[in-house]
Amino acid sequence: MAQQFYVSPEQVMKDRADFARKGIARGKSVVVVSFLGGIALVAENPSPTLHKIGEIYDRIAFAAVGKYNEFESLRQAGVRYADVRGYSYDRADVTARGLASVYAQSLGTVFTAEQKPFEVELAVAEVGERQGEDHIFRLNFDGSIADESGFLAMGGKADLVQAALEKRWRAGASLGQALRWAVAALESPRLDAAPGGAARSEVPDQAAALAAATLEVAVLDRNVSRVRGSHRAFRRLNAATVATQLAAD
Amino acid sequence: MDAHNRTEFPALEGGGSSSSFLDHVTRSNPGLLPFGRALPAGTMPATPHGTTIVALSFEGGVLMAGDRRATMGSMIANRHLEKVFPADAYSVLGIAGTAGIAIDMVRLFQVELEHYEKIEGTLLSLEGKANRLGAMVRANLPMAMQGLSVVPLFAGIETAGPVTTGRLFSYDVTGGRYEELEHHSVGSGSVFARGALKKLWRPGLTAEQALEVAVEALYDASDDDSATGGPDLVRRLWPVVYVVTHDGAARVGDDALAGVVETIVTRRSVERREA
């Protein structure tokens, strides 16, 4: 039997974290932005079928970056959790906080106990009655959880995207405005990499390289029960609607 | 691996897992199901029973209506009961039989359809929905043999096909599923309602005419069946009616129903005949 060398726990955790971070950094970014009429989830994703954004429950949505098979199994587990909970208690008793905390437990367990950690980062968003009551949770590969206020970016070069959102985001924006912020933020890593990028990124709205067709966009409608008479707030926007919203003033 | 099983949140379940909520709950927590337990021996005390549901197709859609009464033996257990429900955006179901189990079965069916839609990203086909409901009715067969039967009526439109005509499905207690043409009714007053439907239904009805036909059929059922509630003019209680068209399933408002009921009652009062 081969001799096992001693590796300190710090080193093991660091190696696992580096491995997961590398996997996540390879993918494109996803942005979650709260606006006046709800929460917009925007991903750079040319595939119309392999979604990075999904519906979990009435007022709760899910967004993810990283390995598709891993976050898809987490999304399905989340839908199962929410449906079982809503069926056994009541629809009102399914909350993003509860869901985020089981995700955190699940990710944390995999990070320490499995062969390899999940190479994913998740966002769980719940739209409230008012913008101040929106909840956006960020979940990391190691099970750490953060409550973000107003907006969130994750994926490759997430710090750049997050910084770009930080500069722009204000409460009370329209959907079109929120989408323009999201697109400008998603483009910031590319502009940064381009020659002379730092200067050009100061004029973000000119950078219209990201076409509506390459975006996956969904919203959680704040007033869904009043407007559409349904309890499900999640709605995907098709490319034409996204293009109209991006163009509108 | 045991750690995951303990948390009931199977991170690695992924491959081969089902899109069916019913399958998932049957596997993980069968006690949650309305029919998930064996009944002990003994006689069942009286329980509320829901009564008559009618459904009919019309030009471009389908309509379902149910009276509001639940009976327990010869007693009226409830006069506000709602027995017609939207199953999802494009289908509705009505239930007759043991109210306690039936209402939970409706909730289960609603979650089943929504669950599939969320997991798969597409709506189930109308036949697929009808089959899932059949599976639930069949799962309830042991309870039905103890007298706790549930007999649903399912109606909806197929959204994927080129034409959108309404389709109706009836069930027996063994889960047998039968497509019905034109119109159908279930429950204790169904015999009388069906007689009325046969005379009143005709091809090419509009949604408004279909509403009149459904309300009148329920009126006739309540006339001859003591377990079916007629429109209650004192309490202003009308049947629960859902209309499914290409725009989705929508409940008919109380104002529209009040108008229809008053027309029928006035006409029959003027005629002063036996029927």
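Observations, loosely collected:
- Residue in region B:169-180 that is closer than 18 Å to B:THR52 by Cα, in contact with a His (Cβ under 8 Å, 6 or more places away or on another chain) and not polar (S, T, N, Q) present: no
- The lone exception for B:ARG107 - which of (1) within 13 Å of another protein chain (Cβ to nearest Cβ); (2) basic (Lys, Arg); (3) surrounded by 18 or more Cβ atoms within 10 Å (Cβ to Cβ) it fails: (3)
- Here is the figure for region A:34-56: residues that are farther than 16 Å from A:VAL161 by Cβ, in a loop (DSSP other than H, G, I, E, B) and away from chain B (no Cβ under 11 Å) total 4.
- Hits in region B:60-79 - residues which are hydrophobic (A, V, I, L, M, F, W, C) and in a loop (DSSP other than H, G, I, E, B): none
- Candidates B:GLU117, B:GLU158, B:GLU182: the one that is within 14 Å of another protein chain (Cβ to nearest Cβ), surrounded by fewer than 20 Cβ atoms within 10 Å (Cβ to Cβ) and either within 28 Å of B:PHE58 (Cα to Cα) or acidic (Asp, Glu) (or both) is B:GLU117.
- Every pair of residues 6+ apart whose Cβ atoms lie under 9 Å, when the first sits in region A:163-187 and is without any contact (Cβ under 8 Å) to a residue 12 or more places away in the chain while the second is of a type in the set (S, T, N, Q) and in a helix (DSSP H, G or I): A:ARG170/A:GLN177
- B:TYR90 being surrounded by 18 or more Cβ atoms within 10 Å (Cβ to Cβ) and either of a type in the set (Gly, Ala, Ser) or touching a strand residue (DSSP E or B) at 6+ places or on another chain (Cβ under 7 Å) (or both): yes
- Whichever residue in region A:88-116 is surrounded by 23 or more Cβ atoms within 10 Å (Cβ to Cβ) and within 11 Å of chain B (Cβ to nearest Cβ) and, among such residues, is farthest from B:VAL111 (Cα to Cα): A:VAL110
- If you go through region A:57-68 and keep only what is within 9 Å of the chain's Cα centre (by Cα) and away from every other protein chain (no Cβ under 11 Å), you end up with A:ALA63, A:ALA64, A:VAL65.
- All told, A:ALA2 falls short of being surrounded by 15 or more Cβ atoms within 10 Å (Cβ to Cβ) and away from chain B (no Cβ under 14 Å).
- Qualifying residue in region B:133-147 (condition: within 21 Å of B:THR52 (Cα to Cα), within 14 Å of chain A (Cβ to nearest Cβ) and not small (Gly, Ala, Ser)): yes
- Residue among B:LEU22, B:LEU39 that alone is surrounded by fewer than 16 Cβ atoms within 10 Å (Cβ to Cβ) and either under 30 Å from A:PRO48 (Cα atoms) or in contact (Cβ under 8 Å) with a residue 40 or more places away in the chain (or both): B:LEU39
- From the list A:PHE141, A:PHE137, the one residue that fits, being in contact with a Pro (Cβ under 8 Å, 6 or more places away or on another chain) and either buried (at least 24 other Cβ atoms within 10 Å of the Cβ) or away from chain B (no Cβ under 12 Å) (or both), is A:PHE141.
- For region B:185-225, a residue qualifies if it is outside any helix (DSSP H, G or I) and either at negative phi or surrounded by 23 or more Cβ atoms within 10 Å (Cβ to Cβ) (or both), and the qualifying residues are B:SER185, B:VAL186, B:GLY187, B:SER188, B:GLY189, B:TRP201, B:ARG202, B:PRO203, B:LEU205, B:THR206, B:ASP225.
Here, each number is a calculation from the coordinates, and none is a lab measurement. Small disclaimer: the values here were computed from a predicted structure and weren't measured. No Cβ is skipped: glycine too gets one built from the backbone with ideal geometry, and neighbour counts run over all protein chains shown.
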